[in-house]
Amino acid sequence: ARATRRQGRVPAVIYGNGQAPTNISLDPLELNKALHRTGFFASLVDLKLDKGNQLVLPRDVQFHPVTDNPIHVDFMRVGSDTVLTVAVPVQFLNDTTCPGIKRGGVLNIVRHEIEVTCRADNIPNKLVADLAAMDIGDSLHISAIALPEGVKPTIARDFTVATIVAPTIQSEAEDKPAAAAAEGAAAPGAEGADAAKKPDAKKPEGKKD
């Protein structure tokens, strides 16, 4: 692996499907392009090898602790009938135009990805969650998301994917009147306190006989 890195490439391994592990190396530019695509770990990759192409699924990437560059990748061999567990990203539609957001609500995303089981040839690129009818206080559950045939969540219950909650922070414009009112209420008391602290004026003493 160190020799591969000295050559400017990224070491990787292919395993699974009843075959011995195969060590390979990757072009770092091509790898970085793939890593920046949405759903990297849920996308099948067709690797071009010396002995022909190999269909694989990315399973793990190790990064350098200082430079954050990829230094090793694990791929799993798959066939068309291989059943996998993958995390699929969720795309939210109408997240800026639904009634709850228009009324000042805030979108609280509980799950950016959903873990599902499916065949290798049936991995969805994304799961679409439509928020068009959601208002403040509403929750969107997994049952409201259409899943492709043969794709099932790993969690059996009807779990929450996102909610729209009421805003909890007042705007600066709302805070100013309250602050002004508080200052006005405090002013008379402050003046009274200052007056109480002032010493009484001394009366001139009479002349002695």
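The values are calculated or read from the model by the stated rules, or taken from the named source; none is laboratory data. Everything numeric here is computed off the predicted structure, so don't read it as measured data. Backbone-built Cβ (ideal geometry, glycine too); neighbour counts: all protein chains shown. With ligands, DNA and RNA removed, areas are computed over all heavy atoms of the protein, side chains included. Shrake-Rupley method; radii C 1.70, N 1.55, O 1.52, S 1.80 Å.
The largest accessible area among MET134, MET76 belongs to the first residue in MET76, MET134, and the rest follow in falling order (1.4 Å probe, all chains). For segment 1-155, the relative contact order comes to 20 percent (Cα pairs under 8 Å, sequence separation of at least 6). Taking amide hydrogens as placed 1.01 Å from N in the peptide plane, the amide H of ASP138 sits under 5 Å from those of ILE164, each at least 5 positions away in sequence or on another chain.
Expressed to the nearest 5 percent, the antiparallel share of DSSP beta bridges inside segment 1-83 is 80 percent.
Looking at the square roots a ≥ b ≥ c of the eigenvalues of the Cα gyration tensor of segment 102-160, which shape do they give, rounded for a/c under 1.5, prolate if a/b is larger than b/c, or oblate?
Judged from the Cα gyration tensor, segment 102-160 comes out prolate (a/c at least 1.5, a/b above b/c).
Summing Lys and Arg as +1 and Asp and Glu as -1 over all other residues whose Cβ lies under 12 Å from the Cβ of ASN53 gives a net charge of +1.
Ordered by solvent-accessible area of protein heavy atoms (1.4 Å probe), largest first, the residues ILE101, ILE114 come out as ILE101, ILE114.
Summing Lys, Arg as +1 and Asp, Glu as -1, what charge do residues with Cβ under 15 Å from the Cβ of ALA146 carry, ALA146 excluded?
Surrounding charge for ALA146 is -1.
Probing with 1.4 Å while keeping every protein chain in the model, the per residue accessible area of segment 44-149 equals 57 Å². What a 1.4 Å probe finds exposed on segment 16-109 is 50% carbon and sulfur by accessible area, rounded to a whole percent.
For segment 14-94, averaging the sequence separation of C-alpha pairs within contact (under 8 Å, six or more residues apart) and dividing by the residue count gives a relative contact order of 30 percent.
Between segment 82-130 and segment 41-77, the alpha-carbon centres lie 24 Å apart.
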